[in-house]
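Q: Below is one structure. I have some questions about it.
Throughout, read-outs are computed from the coordinates displayed, never taken from laboratory work. Predicted model, so just to flag it, every value in this text is computed and none were measured. In this analysis, Cβ positions are derived from the backbone assuming ideal geometry, glycine residues included, and neighbour counts consider all displayed protein chains.
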Amino acid sequence: MSTAAAVEADGLYVIYRERDLETVALRGAEIALPEGTWTSLMGPSGSGKSTLVHVLGGLLEPSGGRVVIDGEDITRLPPAERAQRRRRRIGMVLQRDNLHPLLDVGDNIALPLRLDGRPAPHIRSRVRELLDSLGLSDRARQPVGQLSGGEAQRVAIAVALAARPTVLLADEITGELDARTATGVLDILARVRDDEGAAILTVTHNPSVTERADLRLRMRDGIVIE
Ligand SMILES: Nc1ncnc2c1ncn2[C@@H]1O[C@H](COP(=O)(O)OP(=O)(O)OP(=O)(O)O)[C@@H](O)[C@H]1O
Ligand SMILES: [Mg+2]
């Protein structure tokens, strides 16, 4: 492959155990996300898409396999170091509950930068820049509970992008948006790919999201197929 991979993962296994029920959610899954490329992942409900996103994002430790981000294997890092890599290199937007309900829009966007110990002037200018570029300039002090679905997803994208990650993972982010708002959100992803050279992964059931992607993958029964 000519393009460098921002993410390379292979041999991924995840087994959920709940009482006497075992679910093998990933069974040897493998994926590579090239820099500056938008990859779409589709597949039936329960095929392991969200589980894969959690593993790639370092939220869930697989029982087998490895995840290499920018050339570094994050799979076996101690939890604190894994969390630090996650904050700096990976932006994640999940289907819901991305935002801290007690913080306003600006403080939600600032939070990952504060946790990473960035200086206050840097945080202020980065938050301002993101508010402007996502069309949220007049929302900085609004409690996130008062946002519409589309606004909340734009704030979630701003939070995910705050640290200028090399990888953006987005799980069903247009699921609850009307077609026009969804298009606006997808335009933002395309801009991030083009301007920042980020590797983007969108998980979706929606063919109009997949249409926007450069690469199209499918999942079935815990593995990624073309
Ligand atoms: N926390 C959990 N505990 C136990 N089983 C789980 C857990 N999360 C997921 N599973 C199971 O693992 C399998 C894969 O789930 P996953 O959420 O990754 O699927 P998905 O492809 O994202 O589905 P959808 O399209 O419905 O979002 C499913 O059988 C699911 O029931
Ligand atoms: Mg899912």
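Q: At a 10 angstrom cut-off on C-beta neighbours, averaged per residue, how do the peptides 172-183, 144-155 rank from highest to lowest? List each step's numbers first, then the result.
A: Values: 172-183: 16.6, 144-155: 18.2.
Descending mean neighbour count gives 144-155, 172-183.
Q: Could you tell me what fraction of 2.2 N^0.38 Å the Cα radius of gyration of segment 142-196 comes to, as a two-decimal ratio?
A: On the way: Rg = 11.3 Å, N = 55, 2.2 N^0.38 = 10.1 Å.
Here the Cα radius of gyration is 1.12 times the empirical estimate.
Q: Hey, another quick one. In debye to the nearest 20, how big a dipole does segment 79-226 give about its Cα centre with +1 on each Lys and Arg Cβ and -1 on each Asp and Glu Cβ? Mind showing how you got there, number by number?
A: On the way: 23 positive and 21 negative charges, 119 e Å.
Charge dipole, segment 79-226, about its Cα centre: 560 debye, nearest 20.
Q: Non-local amide H neighbours of residue 60 (under 5 Å, H modeled in plane, Pro and chain starts lacking H): which ones?
A: Under 5 Å from the amide H of residue 60 lie the amide H atoms of 55, each far enough along the sequence or on another chain.
Q: Here's a follow-up. Among DSSP beta bridges whose residues both lie in the chain, state the antiparallel percentage, nearest 5.
A: Working: 22 of 39 bridges.
Antiparallel: roughly 55 percent of the beta bridges in the chain.
Q: While we're on this one: Give the relative contact order (percent, whole number) for the chain; include only Cα pairs under 8 Å separated by 6+ residues. Mind showing how you got there, number by number?
A: Values: 434 pairs, mean separation 71.4, N = 226.
Dividing the mean separation by the residue count of the chain yields 32 percent.
Q: For segment 10-25 and segment 82-148, write down the distance between their C-alpha centroids in whole Å.
A: Computed from Cα coordinates, the inter-centre distance equals 33 Å.
Q: Computed FRET efficiency, Cβ-Cβ of residue 190 and residue 27, R0 35 Å: what is it to the nearest 0.05?
A: Values: r = 33 Å, r/R0 = 0.93.
Computed FRET efficiency for residue 190 and residue 27 comes out at 0.60.
Q: Explain nothing, just the number: relative contact order of segment 16-73, from Cα pairs under 8 Å at least 6 residues apart, as a whole percent.
A: Details: 25 pairs, mean separation 13.2, N = 58.
After rounding, I find 23 percent.
Q: For helix 120-133, what angle does its Cα long axis make with the longest principal axis of the chain, in degrees from 0 to 90 and rounded to 10?
A: 80 degrees
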